[in-house]
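This report refers to the structure that appears directly beneath it.
The values are calculated or read from the model by the stated rules, or taken from the named source; none is laboratory data. What you see is a predicted model, and the numbers here were worked out from it, not measured in a lab. Using ideal geometry, Cβ is built from the backbone for each residue, glycine included, and neighbour counts are taken over all protein chains shown.
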Amino acid sequence: MVTAAVSTENLTKIYTLDLLKGRKRVVALDGLNLTIGEGHVMGVLGPNGAGKSTTIKLLLNLITPTSGKARLFGLDPSDAEARRNVGYLPENPSPYEYLTGEEFVRFAGSLSGLRGAELTARVRTVLEQVQMDRFTGVQIRRYSKGMTQRIALAQALVSSPRLLILDEPTSGLDVLGRQLIRDIILAEKKKGTSVLLCSHIIPDVEALAEDVAILIGGKLVRSGPVSEMLSDEGSRVELTFEGVDAQRLSPLNPEVIQDGRRLIVRTAAASSRALIEAAHQAEGRLISMQPIRNSLEDAFLEALRNSQNKVGSTIE
Ligand SMILES: Nc1ncnc2c1ncn2[C@@H]1O[C@H](COP(=O)(O)OP(=O)(O)OP(=O)(O)O)[C@@H](O)[C@H]1O
Ligand SMILES: [Mg+2]
(Lines give C-alpha, C1' and ligand atoms only; values in the text may rest on other atoms or scores of the structure.)
(Ligands and ions follow the chains in the order given, each with its own letter.)
Protein backbone atom coordinates (compact mmCIF):
# COMPACT_ATOMS: atom_id res chain seq x y z
CA MET A 1 0.00 0.00 0.00
CA VAL A 2 1.27 3.47 -0.85
CA THR A 3 1.26 5.78 2.16
CA ALA A 4 0.28 9.39 1.55
CA ALA A 5 2.56 12.11 2.89
CA VAL A 6 -0.50 13.88 4.30
CA SER A 7 -4.04 12.73 4.73
CA THR A 8 -6.93 14.22 6.64
CA GLU A 9 -10.34 12.81 7.40
CA ASN A 10 -13.16 15.19 8.30
CA LEU A 11 -10.58 17.36 10.02
CA THR A 12 -12.37 20.08 11.97
CA LYS A 13 -11.19 22.87 14.22
CA ILE A 14 -13.53 25.09 16.20
CA TYR A 15 -11.92 27.80 18.28
CA THR A 16 -13.74 29.21 21.25
CA LEU A 17 -13.57 32.94 21.76
CA ASP A 18 -14.22 34.35 25.21
CA LEU A 19 -15.81 37.71 24.59
CA LEU A 20 -17.17 40.25 27.07
CA LYS A 21 -20.69 39.31 26.00
CA GLY A 22 -20.25 35.55 26.26
CA ARG A 23 -18.62 32.80 24.24
CA LYS A 24 -18.50 32.46 20.46
CA ARG A 25 -17.40 29.53 18.34
CA VAL A 26 -15.19 30.11 15.30
CA VAL A 27 -15.42 27.29 12.78
CA ALA A 28 -11.91 27.64 11.35
CA LEU A 29 -11.83 24.28 9.55
CA ASP A 30 -14.91 22.30 8.65
CA GLY A 31 -14.59 18.61 7.76
CA LEU A 32 -11.46 18.74 5.61
CA ASN A 33 -10.65 15.66 3.51
CA LEU A 34 -7.34 16.07 1.78
CA THR A 35 -4.57 13.78 0.56
CA ILE A 36 -1.07 14.66 -0.60
CA GLY A 37 0.63 11.74 -2.32
CA GLU A 38 4.33 11.11 -1.63
CA GLY A 39 6.49 13.24 -3.87
CA HIS A 40 3.61 15.55 -4.78
CA VAL A 41 3.42 19.31 -4.43
CA MET A 42 0.01 20.49 -3.23
CA GLY A 43 -0.80 24.18 -3.36
CA VAL A 44 -3.42 25.47 -0.95
CA LEU A 45 -5.21 28.66 -1.95
CA GLY A 46 -7.73 30.60 0.07
CA PRO A 47 -8.60 34.11 1.14
CA ASN A 48 -7.56 35.51 4.52
CA GLY A 49 -9.03 33.49 7.37
CA ALA A 50 -9.88 30.49 5.16
CA GLY A 51 -8.24 27.99 7.51
CA LYS A 52 -4.92 27.40 5.71
CA SER A 53 -2.64 28.04 8.70
CA THR A 54 -5.09 26.21 10.98
CA THR A 55 -4.72 23.12 8.75
CA ILE A 56 -0.95 23.38 8.94
CA LYS A 57 -0.96 23.78 12.72
CA LEU A 58 -3.17 20.71 13.04
CA LEU A 59 -0.76 18.71 10.87
CA LEU A 60 2.12 19.76 13.10
CA ASN A 61 0.28 19.02 16.35
CA LEU A 62 0.64 22.67 17.36
CA ILE A 63 -3.12 22.60 17.97
CA THR A 64 -5.45 19.63 18.35
CA PRO A 65 -8.51 18.93 16.20
CA THR A 66 -12.04 19.38 17.55
CA SER A 67 -12.92 16.27 15.54
CA GLY A 68 -11.58 14.27 12.62
CA LYS A 69 -8.10 12.95 11.99
CA ALA A 70 -4.83 13.92 10.37
CA ARG A 71 -2.00 11.63 9.32
CA LEU A 72 1.61 12.25 8.30
CA PHE A 73 2.99 9.24 6.43
CA GLY A 74 0.27 7.21 8.10
CA LEU A 75 1.14 8.35 11.64
CA ASP A 76 -0.75 10.65 13.98
CA PRO A 77 0.87 14.13 14.16
CA SER A 78 1.05 13.76 17.96
CA ASP A 79 3.68 11.07 17.36
CA ALA A 80 7.13 12.73 17.35
CA GLU A 81 8.28 10.10 14.82
CA ALA A 82 5.74 11.51 12.35
CA ARG A 83 6.93 15.09 12.79
CA ARG A 84 10.58 14.07 12.40
CA ASN A 85 9.88 13.74 8.66
CA VAL A 86 8.64 17.32 8.36
CA GLY A 87 10.32 20.64 7.67
CA TYR A 88 8.12 23.62 8.55
CA LEU A 89 8.32 27.24 7.52
CA PRO A 90 5.76 29.18 9.60
CA GLU A 91 3.71 32.09 8.31
CA ASN A 92 5.51 34.69 10.48
CA PRO A 93 8.84 33.13 11.42
CA SER A 94 10.35 34.51 14.61
CA PRO A 95 13.72 32.82 15.04
CA TYR A 96 15.79 33.52 18.17
CA GLU A 97 17.08 36.92 17.19
CA TYR A 98 20.19 36.97 19.38
CA LEU A 99 21.54 33.93 17.56
CA THR A 100 23.38 34.31 14.28
CA GLY A 101 21.75 32.77 11.21
CA GLU A 102 24.26 29.93 11.31
CA GLU A 103 23.73 29.26 15.02
CA PHE A 104 19.98 29.16 14.54
CA VAL A 105 20.08 26.73 11.61
CA ARG A 106 22.62 24.60 13.50
CA PHE A 107 20.30 24.56 16.53
CA ALA A 108 17.37 23.45 14.31
CA GLY A 109 19.54 20.74 12.74
CA SER A 110 20.63 19.45 16.15
CA LEU A 111 17.00 19.29 17.31
CA SER A 112 16.27 17.03 14.36
CA GLY A 113 19.05 14.69 15.48
CA LEU A 114 21.95 15.74 13.25
CA ARG A 115 25.41 15.77 14.89
CA GLY A 116 29.10 16.45 14.19
CA ALA A 117 30.43 16.68 10.64
CA GLU A 118 27.06 15.74 9.13
CA LEU A 119 25.38 18.66 10.92
CA THR A 120 28.12 21.10 9.87
CA ALA A 121 27.88 19.99 6.24
CA ARG A 122 24.06 20.23 6.13
CA VAL A 123 24.10 23.69 7.74
CA ARG A 124 26.60 24.91 5.15
CA THR A 125 24.60 23.40 2.27
CA VAL A 126 21.27 24.95 3.25
CA LEU A 127 22.80 28.37 4.00
CA GLU A 128 24.28 28.32 0.51
CA GLN A 129 20.94 27.16 -0.93
CA VAL A 130 19.12 30.20 0.48
CA GLN A 131 22.12 32.42 -0.40
CA MET A 132 22.70 33.47 3.19
CA ASP A 133 26.22 32.09 3.53
CA ARG A 134 27.67 35.66 3.53
CA PHE A 135 25.60 36.62 6.59
CA THR A 136 26.11 33.58 8.78
CA GLY A 137 28.00 35.48 11.52
CA VAL A 138 25.39 38.24 11.78
CA GLN A 139 22.75 38.16 14.53
CA ILE A 140 19.23 37.60 13.20
CA ARG A 141 18.00 40.85 14.83
CA ARG A 142 20.15 42.68 12.29
CA TYR A 143 18.55 40.91 9.32
CA SER A 144 15.96 42.41 7.00
CA LYS A 145 12.53 40.71 6.71
CA GLY A 146 13.50 38.82 3.56
CA MET A 147 16.80 37.66 5.11
CA THR A 148 14.92 36.33 8.16
CA GLN A 149 12.54 34.51 5.80
CA ARG A 150 15.51 32.88 4.05
CA ILE A 151 17.04 31.73 7.35
CA ALA A 152 13.67 30.32 8.40
CA LEU A 153 13.52 28.36 5.15
CA ALA A 154 17.07 27.07 5.74
CA GLN A 155 15.92 25.76 9.15
CA ALA A 156 13.01 23.96 7.44
CA LEU A 157 15.38 22.30 4.96
CA VAL A 158 18.26 21.39 7.27
CA SER A 159 16.99 17.94 8.29
CA SER A 160 16.39 16.89 4.63
CA PRO A 161 12.69 16.34 5.40
CA ARG A 162 10.42 14.02 3.39
CA LEU A 163 7.64 16.60 3.68
CA LEU A 164 8.00 20.36 3.53
CA ILE A 165 5.17 22.48 4.91
CA LEU A 166 5.55 26.04 3.72
CA ASP A 167 3.15 28.76 4.90
CA GLU A 168 3.55 31.78 2.58
CA PRO A 169 7.21 31.06 1.78
CA THR A 170 7.73 34.06 -0.50
CA SER A 171 6.27 36.61 1.87
CA GLY A 172 8.60 39.60 2.24
CA LEU A 173 10.93 38.50 -0.53
CA ASP A 174 12.12 40.56 -3.49
CA VAL A 175 11.77 39.28 -7.07
CA LEU A 176 15.08 37.40 -6.97
CA GLY A 177 14.25 35.95 -3.56
CA ARG A 178 10.92 34.69 -4.89
CA GLN A 179 12.65 33.08 -7.85
CA LEU A 180 15.16 31.48 -5.51
CA ILE A 181 12.42 29.95 -3.36
CA ARG A 182 10.68 28.67 -6.47
CA ASP A 183 13.94 27.04 -7.61
CA ILE A 184 14.49 25.48 -4.18
CA ILE A 185 10.97 24.03 -4.16
CA LEU A 186 11.46 22.67 -7.69
CA ALA A 187 14.77 21.07 -6.65
CA GLU A 188 13.08 19.49 -3.62
CA LYS A 189 10.28 18.21 -5.87
CA LYS A 190 12.89 16.59 -8.14
CA LYS A 191 14.40 14.85 -5.10
CA GLY A 192 10.97 13.40 -4.32
CA THR A 193 10.14 15.62 -1.33
CA SER A 194 6.41 16.12 -0.76
CA VAL A 195 5.39 19.75 -0.35
CA LEU A 196 2.35 21.50 1.10
CA LEU A 197 2.52 25.07 -0.12
CA CYS A 198 0.13 27.74 1.15
CA SER A 199 0.39 30.91 -0.85
CA HIS A 200 -1.53 33.95 -1.98
CA ILE A 201 0.72 34.21 -5.01
CA ILE A 202 -1.24 32.22 -7.53
CA PRO A 203 1.44 32.18 -10.27
CA ASP A 204 3.80 30.52 -7.76
CA VAL A 205 1.24 27.81 -7.06
CA GLU A 206 0.58 27.41 -10.78
CA ALA A 207 4.29 27.02 -11.48
CA LEU A 208 5.12 24.64 -8.63
CA ALA A 209 2.14 22.55 -7.65
CA GLU A 210 0.61 19.65 -9.54
CA ASP A 211 -2.41 19.58 -7.25
CA VAL A 212 -4.33 22.42 -5.73
CA ALA A 213 -6.91 22.76 -2.97
CA ILE A 214 -9.12 25.82 -2.59
CA LEU A 215 -10.27 26.54 0.97
CA ILE A 216 -12.90 29.15 1.67
CA GLY A 217 -14.44 29.84 5.07
CA GLY A 218 -12.94 26.61 6.48
CA LYS A 219 -14.42 24.44 3.73
CA LEU A 220 -12.67 22.71 0.87
CA VAL A 221 -14.58 24.04 -2.12
CA ARG A 222 -12.46 22.60 -4.91
CA SER A 223 -9.44 20.33 -5.30
CA GLY A 224 -7.67 18.41 -8.01
CA PRO A 225 -4.81 18.56 -10.48
CA VAL A 226 -3.84 22.09 -11.55
CA SER A 227 -3.95 20.87 -15.16
CA GLU A 228 -7.67 20.11 -14.79
CA MET A 229 -8.39 23.59 -13.45
CA LEU A 230 -6.62 25.07 -16.45
CA SER A 231 -8.42 22.86 -18.92
CA ASP A 232 -9.92 24.45 -22.00
CA GLU A 233 -13.30 22.86 -21.36
CA GLY A 234 -16.01 25.36 -22.28
CA SER A 235 -13.21 27.41 -23.75
CA ARG A 236 -13.45 31.01 -24.80
CA VAL A 237 -11.79 32.89 -27.62
CA GLU A 238 -10.67 36.44 -28.18
CA LEU A 239 -11.39 37.92 -31.62
CA THR A 240 -9.98 41.21 -32.87
CA PHE A 241 -11.86 43.07 -35.64
CA GLU A 242 -11.26 46.26 -37.57
CA GLY A 243 -13.92 48.39 -39.17
CA VAL A 244 -16.81 46.93 -37.18
CA ASP A 245 -19.28 48.94 -35.15
CA ALA A 246 -19.82 47.21 -31.79
CA GLN A 247 -23.57 47.73 -32.18
CA ARG A 248 -23.63 45.41 -35.19
CA LEU A 249 -22.47 42.57 -32.93
CA SER A 250 -24.65 43.38 -29.94
CA PRO A 251 -27.47 40.94 -30.85
CA LEU A 252 -24.92 38.19 -30.16
CA ASN A 253 -24.19 39.68 -26.75
CA PRO A 254 -20.41 39.25 -26.61
CA GLU A 255 -18.01 40.96 -24.16
CA VAL A 256 -16.59 43.88 -26.17
CA ILE A 257 -13.69 46.30 -25.66
CA GLN A 258 -13.17 49.19 -28.10
CA ASP A 259 -9.42 49.73 -28.55
CA GLY A 260 -9.04 52.68 -30.93
CA ARG A 261 -10.13 51.45 -34.34
CA ARG A 262 -10.04 47.89 -33.16
CA LEU A 263 -12.76 45.95 -31.47
CA ILE A 264 -11.71 43.17 -29.10
CA VAL A 265 -14.42 40.61 -28.57
CA ARG A 266 -14.43 37.79 -26.02
CA THR A 267 -16.90 35.01 -26.42
CA ALA A 268 -17.54 31.29 -26.06
CA ALA A 269 -15.69 29.40 -28.80
CA ALA A 270 -19.03 28.03 -30.02
CA SER A 271 -20.28 31.56 -30.83
CA SER A 272 -17.17 32.68 -32.70
CA ARG A 273 -18.44 31.62 -36.11
CA ALA A 274 -21.67 33.63 -35.83
CA LEU A 275 -19.65 36.67 -34.70
CA ILE A 276 -17.22 36.42 -37.60
CA GLU A 277 -20.14 36.18 -40.02
CA ALA A 278 -21.85 39.20 -38.44
CA ALA A 279 -18.61 41.19 -38.67
CA HIS A 280 -18.14 40.11 -42.27
CA GLN A 281 -21.64 41.26 -43.19
CA ALA A 282 -20.84 44.62 -41.56
CA GLU A 283 -17.79 44.73 -43.90
CA GLY A 284 -15.41 44.45 -40.99
CA ARG A 285 -12.11 42.57 -41.01
CA LEU A 286 -11.00 39.81 -38.64
CA ILE A 287 -7.42 40.56 -37.51
CA SER A 288 -6.81 37.75 -35.06
CA MET A 289 -8.47 34.96 -33.14
CA GLN A 290 -6.91 33.22 -30.17
CA PRO A 291 -8.03 30.92 -27.38
CA ILE A 292 -8.34 32.40 -23.89
CA ARG A 293 -6.61 30.00 -21.54
CA ASN A 294 -8.18 29.71 -18.11
CA SER A 295 -5.63 30.58 -15.46
CA LEU A 296 -5.55 29.21 -11.94
CA GLU A 297 -6.48 32.75 -10.93
CA ASP A 298 -9.72 32.43 -12.95
CA ALA A 299 -10.52 29.15 -11.17
CA PHE A 300 -9.81 30.74 -7.79
CA LEU A 301 -11.86 33.85 -8.54
CA GLU A 302 -14.76 31.71 -9.72
CA ALA A 303 -14.61 29.66 -6.50
CA LEU A 304 -14.60 32.91 -4.52
CA ARG A 305 -17.58 34.27 -6.44
CA ASN A 306 -19.48 31.04 -5.85
CA SER A 307 -18.81 31.41 -2.12
CA GLN A 308 -19.86 35.08 -2.08
CA ASN A 309 -16.24 36.19 -1.60
CA LYS A 310 -16.31 34.93 1.93
CA VAL A 311 -13.41 36.14 4.10
CA GLY A 312 -12.90 34.53 7.50
CA SER A 313 -14.86 31.79 9.16
CA THR A 314 -18.37 31.26 10.43
CA ILE A 315 -18.71 32.73 13.93
CA GLU A 316 -21.60 31.30 15.91
N1 LIG B 1 -6.22 31.08 18.19
C2 LIG B 1 -7.35 31.43 17.58
N3 LIG B 1 -8.46 31.74 18.27
C4 LIG B 1 -9.62 32.09 17.65
N5 LIG B 1 -9.77 32.12 16.32
C6 LIG B 1 -8.70 31.82 15.59
C7 LIG B 1 -7.43 31.47 16.14
N8 LIG B 1 -6.56 31.22 15.15
C9 LIG B 1 -7.24 31.41 14.00
N10 LIG B 1 -8.51 31.77 14.25
C11 LIG B 1 -9.57 32.02 13.26
O12 LIG B 1 -9.65 30.90 12.41
C13 LIG B 1 -9.89 31.28 11.08
C14 LIG B 1 -8.85 30.70 10.17
O15 LIG B 1 -7.60 31.29 10.43
P16 LIG B 1 -6.27 30.85 9.67
O17 LIG B 1 -5.12 31.53 10.35
O18 LIG B 1 -6.23 29.38 9.56
O19 LIG B 1 -6.52 31.49 8.21
P20 LIG B 1 -5.56 31.52 6.93
O21 LIG B 1 -6.28 30.84 5.83
O22 LIG B 1 -4.20 31.03 7.27
O23 LIG B 1 -5.53 33.10 6.61
P24 LIG B 1 -4.35 34.08 6.07
O25 LIG B 1 -4.37 33.96 4.58
O26 LIG B 1 -4.81 35.42 6.53
O27 LIG B 1 -3.05 33.65 6.68
C28 LIG B 1 -9.97 32.82 11.09
O29 LIG B 1 -11.32 33.20 11.16
C30 LIG B 1 -9.25 33.20 12.36
O31 LIG B 1 -9.77 34.39 12.91
MG1 LIG C 1 -2.36 31.91 7.29
Residues in region 37-52 that are near ligand 1 (Cβ under 8 Å from one of its atoms), more than 11 Å from the chain's Cα centre (by Cα) and within 21 Å of Leu72 (Cβ to Cβ): how many?
-> 1
Out of region 164-184, which residues are of a type in the set (D, E, K, R), more than 16 Å from ligand 2 (Cβ to nearest atom) and within 27 Å of Ala4 (Cβ to Cβ)?
-> Arg182, Asp183
Looking at this structure, is Gly116 more than 30 Å from Pro65 (Cα to Cα) and out of contact with any strand residue (DSSP E or B) (no Cβ under 6 Å at 6 or more places or on another chain)?
-> yes
Among the residues of region 79-105 satisfying the criterion of being in contact (Cβ under 8 Å) with a residue 40 or more places away in the chain and not in a loop (DSSP other than H, G, I, E, B), which is farthest from the chain's Cα centre (by Cα)?
-> Thr100
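Which residue, of Thr125, Thr66, is in contact with a Leu (Cβ under 9 Å, 6 or more places away or on another chain), β-branched (Val, Ile, Thr) and assigned by TED's automatic domain parsing to the domain that holds Ile185?
So the residue among Thr125, Thr66 that is in contact with a Leu (Cβ under 9 Å, 6 or more places away or on another chain), β-branched (Val, Ile, Thr) and assigned by TED's automatic domain parsing to the domain that holds Ile185 is Thr66.
Conditions (1) free of Cβ contacts under 8 Å to residues at least 60 places away in the same chain; (2) aliphatic (A, V, I, L, M); (3) under 22 Å from Pro169 (Cα atoms), marked per residue:
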{"position": "Leu230", "(1), (2), (3)": "no, yes, no"}
{"position": "Asp259", "(1), (2), (3)": "yes, no, no"}
{"position": "Ala278", "(1), (2), (3)": "yes, yes, no"}
{"position": "Ile287", "(1), (2), (3)": "yes, yes, no"}
{"position": "Glu297", "(1), (2), (3)": "no, no, yes"}
{"position": "Phe300", "(1), (2), (3)": "no, no, yes"}
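Would you check if Arg71 is touching a strand residue (DSSP E or B) at 6+ places or on another chain (Cβ under 9 Å) and of a type in the set (Lys, Arg)?
In short, yes.
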Has region 149-166 got at least one residue that is of a type in the set (D, E, K, R), within 16 Å of ligand 1 (Cβ to nearest atom) and under 30 Å from Pro77 (Cα atoms)?
-> no
May I ask you to list the residues in region 37-71 that are of a type in the set (Gly, Ala, Ser), away from ligand 2 (no atom under 14 Å from the Cβ) and at positive phi?
-> Gly39, Gly68
Inside region 149-194, can you point out the residues that are in contact (Cβ under 8 Å) with a residue 24 or more places away in the chain and β-branched (Val, Ile, Thr)?
-> Ile151, Val158, Ile165, Thr170, Ile181, Ile184, Ile185, Thr193
For region 30-60, enumerate the residues that are touching an Asp or Glu at 6+ places or on another chain (Cβ under 8 Å) and without any contact (Cβ under 8 Å) to a residue 60 or more places away in the chain.
-> none
Is it true that Tyr88 is closer than 18 Å to Val158 by Cα, away from ligand 1 (no atom under 16 Å from the Cβ) and hydroxyl-bearing (Ser, Thr, Tyr)?
-> no
Among the candidates Ser288, Ser271, Ser250, which residue alone is among the hydroxyl-bearing types (Ser, Thr, Tyr) and surrounded by 16 or more Cβ atoms within 10 Å (Cβ to Cβ)?
-> Ser271
For residues that are closer than 17 Å to Asn10 by Cβ and over 17 Å from the mean Cα position of the chain (by Cα), tally how many sit in region 53-71.
-> 10
In this structure, is Ala108 closer than 24 Å to Thr193 by Cα and touching a residue at least 60 places away in the same chain (Cβ under 8 Å)?
-> no
Of everything in region 64-78 that's part of a loop (DSSP other than H, G, I, E, B) and polar (S, T, N, Q), which residue is farthest from Leu32 (Cα to Cα)?
-> Ser78
Scan region 234-242 and give yes if some residue there is closer than 18 Å to Gln281 by Cβ, among the polar types (S, T, N, Q) and part of a loop (DSSP other than H, G, I, E, B), otherwise no.
-> no
All conditions in (1) in a loop (DSSP other than H, G, I, E, B); (2) over 30 Å from Gly43 (Cβ atoms); (3) polar (S, T, N, Q) are true of Asn294 except (2)
Keeping to region 167-211, report how many residues are surrounded by 17 or more Cβ atoms within 10 Å (Cβ to Cβ), more than 16 Å from ligand 1 (Cβ to nearest atom) and outside any helix (DSSP H, G or I).
-> 6
